[in-house]
Structures are given as structure tokens and as C-alpha cells.
Amino acid sequence: MNGAPLAVGIVLSCSTEATGVDVVGRLTLGVVWGVLQLGVFLASVWWYEDRCARVRHHVELSPAPLGPAGAADAPPMREAGW
């Protein structure tokens with residue numbers, strides 16, 4: 001999956017003729033590739049942040065652990081002097 005974008009990036013970085021090819025009007029292949037890379041980067045950051053927030057929210061909603069005495073309302077271990 002990552003091999004194709006890597007190969008295209010290497011070819012475009014090594015060849016000035018390839019990056020200068022006009023795609024639409026004055027828009028070149030190098031600019032289009034850079035914008036696509038930026039889009040993939042931003043999408044992956046958004047996906048990662050969203051996933052981390054969901055996992056963290058799930059952990060915060062999990063039931064509270066029992067204290068050292070086994071009671072749910074027992075003080076945390078630091079407050080109990082442990």
C-alpha cells in the first residue's frame with residue numbers, strides 16, 4: 001500500500017521533467033502530488049486524533065476500580081497511605 005506512493009515520490013523528486021508536467025493549465029504534477037500528500041497527512045492526523053479521543057473517552061467511562069478495602073467508596077491508594 002505504501003510502496004506505490006513512495007515510488008512515485010522518489011521518481012518525482014529525482015526528475016525535474018516529471019514534476020514540471022502540466023496537469024491542468026499552470027498546475028503541475030509536482031504541485032498536485034504535494035497537495036495530495038498534504039491531504040493524506042491531514043486525514044491521517046484527524047483519524048489518529050479521533051481514534052485516540054474515542055479510546056480515551058472509553059477508558060474514562062469504565063467503572064471505577066475498587067479501593068484497597070474492596071469498597072467502591074474507599075479512598076484511592078495514595079490517600080489511604082499506600
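The number of residues in the stretch 18-54 that are among the small types (Gly, Ala, Ser) and in contact with a helix residue (DSSP H, G or I) (Cβ under 8 Å, 6 or more places away or on another chain) comes to 3. Can you find a residue in the stretch 29-44 that is at pLDDT 80 or above, surrounded by 10 or more Cβ atoms within 10 Å (Cβ to Cβ) and touching a strand residue (DSSP E or B) at 6+ places or on another chain (Cβ under 6 Å)? Yes, that holds for at least one residue.
So which residues in the stretch 1-28 are part of a helix (DSSP H, G or I), β-branched (Val, Ile, Thr) and surrounded by fewer than 10 Cβ atoms within 10 Å (Cβ to Cβ), if there are any at all?
Scanning the stretch 1-28 gives a single hit, 16.
The values are calculated or read from the model by the stated rules, or taken from the named source; none is laboratory data. Since the structure is predicted, the reported quantities are computational estimates derived from the model, not experimental observations. Every residue, glycine as well, gets a Cβ built from its backbone with ideal geometry; the counts of neighbours run over all protein chains shown.
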